[in-house]
1. Ranked by Cβ crowding within 10 angstrom, fewest neighbours first, how are SER45, SER156 ordered?
2. In percent, what relative contact order does region 153-222 have, based on Cα pairs under 8 Å that are 6 or more apart in sequence?
3. Okay, helix-only estimate at 222 nm for the chain: each DSSP H run of n ≥ 4 adds -39500 (n - 2.57), divide by all residues, round to 500 deg cm²/dmol; what do you get?
4. Pick from ILE192, ILE15, ILE74: which is most flexible by mean-square fluctuation in a GNM of the chain where alpha carbon atoms under 10 Å apart are linked?
5. Whole-Hz ³J(HN,Hα) for each residue in region 12-23, computed from phi via Karplus 6.51 cos²θ - 1.76 cosθ + 1.60 with θ = phi - 60°, x for glycine and proline: what do you get?
6. Once phi is turned into θ = phi - 60°, what whole-Hz ³J(HN,Hα) does the Karplus curve with 6.51, -1.76 and 1.60 give for every residue of region 91-107, x standing for Gly and Pro?
7. Hey, fewest Cβ within 10 Å first, where do ARG51, ARG90 land in order?
8. Would you grab the residues whose amide H sits under 5 Å from the one on ALA145? Only those 5+ places off in sequence or on another chain, please, with H modelled 1.01 Å from N.
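What follows draws every value from the coordinates through simple rules; no lab data is involved. Model, not experiment: these values are computed from the prediction. Positions of Cβ are generated from backbone atoms using ideal geometry, with glycine treated the same way; all protein chains shown enter the neighbour counts.
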Amino acid sequence: MKKASTSNIVRLSHILEKEYGTISWYPRRNAIDELVYTILSQHTSDINSERAFDNLMSRFDSIEAISNANVSDIEQSIKTAGLHKIKAVRIKEVLNIIHNKIGGFDLSFLSEMPLGDAKSWLKSLPGIGPKTAAIVLCFSFGMPAMPVDTHIYRVSRRLRLIGPKVSADKAHDLMEKIVPPDGIFPFHMYLIQHGRKVCKALKPKCGDCVVALLCPSRLKIS
Ligand code: SF4
């Protein structure tokens, strides 16, 4: 398979920027909140996870209060996220481990670490994989970590930015090698939009696709 080049990525990014508008990085949440939110967002929609996060944060005064709460009380406030029993245990466990490790919940030290070390620190927490680690580092600190969700994984494979046999977990590191660091956040956002609106899982709209001329999958799918 021909390897995706950075110049190809830059070209794709420019086309998608014209289509979806310029997207610049902004800090979405502080890192500990983002970590909790991302646990809630596993296997559910953005709407459900946002509702659960808002409920959780309004039910408890602080992250520290969540870490000290009964699991059953956490469960009650995150029901809309689905898998609430598992997620409640996970959230409490992760918060307690973090508190034991650093004596608080301020994760800003991660932004001073080399990217690989910061990822490893987060991935050492139970249930935290490459996607969650990348979301926290990218969204809270603007670090050049590429979260690969289901849309990005699908679109990247169809565009042959990664090979057909590359796992979703491995895709994070591979994408980071080919996307320019300052372009990772917008490229992540463009690919999500493209996956949701055009390059859909079941019926991609190749006839309406602005990057069709750069897509080796176009003829095979349409
Ligand atoms: S041409 Fe089709 S398969 Fe390729 S990116 Fe566009 S919608 Fe997806």
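1. Working: SER45 12, SER156 25.
Lowest count first: SER45, SER156.
2. Numbers: 45 pairs, mean separation 25.0, N = 70.
36 percent.
3. Details: 12 runs with 124 residues, N = 222.
Computed ellipticity for the chain at 222 nm equals -16500 deg cm²/dmol.
4. It is ILE15.
5. With the stated coefficients, region 12-23 comes to 4, 4, 5, 5, 5, 5, 5, 6, 10, x, 5, 10 Hz.
6. Working through the residues one at a time gives 4, 5, 4, 5, 5, 5, 5, 4, 4, 5, 6, 10, x, x, 10, 7, 9 Hz.
7. Details: ARG51 17, ARG90 21.
Ordered from fewest to most neighbouring Cβ atoms within 10 Å, ARG51, ARG90 come out as ARG51, ARG90.
8. CYS138
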